[in-house]
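Below is one structure, written out as structure tokens; comments come after it.
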Amino acid sequence: MVGRGIELVYGGSSVGVMGVLADAVLERGGSGHGVIPELLIQKEVSHDGLTNLHVVKTMHERKSLMESLSDAFIALPGGFGTLEELVEILTWGQLHIHQKPVGILNAAHYYDELLAFLDHAVAEGLLTESSRTMLHSSDDAAALIEKFARYQPPTTDKWQ
């Protein structure tokens, strides 16, 4: 990221996978921008070394600000919060609220079952192929960023 001039925008935590990523970006001279709700600051998990730390009142404000600050979205392996944010940002893209690329870093095949599920949803007629193509995946971060460089958002509506 740092070598490509890509700045990190994330939830602002000092813990977990994203805390490790933020530390790595900052150690290499990059910029890290966090967006954290007051509730999580009270639990003392905010990252104190970020370039910018935006404090918001709610999780909804957090996601909205993160979307506006970002040019693209990549989900790393994670749990409920990661899945919730991934699905919401895909839904926003599907509804044309944004036209930014979305991807998952499928490290160690972590997201294989999710990708299979999405393919199953297309086969069952519950997700359009156009919407399915909005989610890029790779086990290589550089390859994922290259896919983003060629991204063209769907022009069809969710209901077509």
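So here's what we get for this one:
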{"read-out": "Residue within region 98-119 that is within 16 Å of R62 (Cβ to Cβ) and in a loop (DSSP other than H, G, I, E, B) present", "value": "yes"}
{"read-out": "Residue within region 78-95 that is assigned to a helix (DSSP H, G or I), polar (S, T, N, Q), assigned by TED's automatic domain parsing to the domain that holds G30 and under 24 Å from V25 (Cβ atoms) present", "value": "no"}
{"read-out": "Cross-chain or 6+ apart pairs with Cβ under 9 Å, region 68-89 first and farther than 21 Å from V56 by Cα, then surrounded by fewer than 13 Cβ atoms within 10 Å (Cβ to Cβ)", "value": "P77/A108"}
{"read-out": "Within region 123-148, considering residues that are in contact with a strand residue (DSSP E or B) (Cβ under 8 Å, 6 or more places away or on another chain) and hydroxyl-bearing (S, T, Y), the one nearest to A72 (Cα to Cα)", "value": "S137"}
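The values are calculated or read from the model by the stated rules, or taken from the named source; none is laboratory data. All values derive from a computational prediction rather than experimental measurement. Cβ: placed from backbone, ideal geometry, glycine included. Neighbour counts: every protein chain shown.
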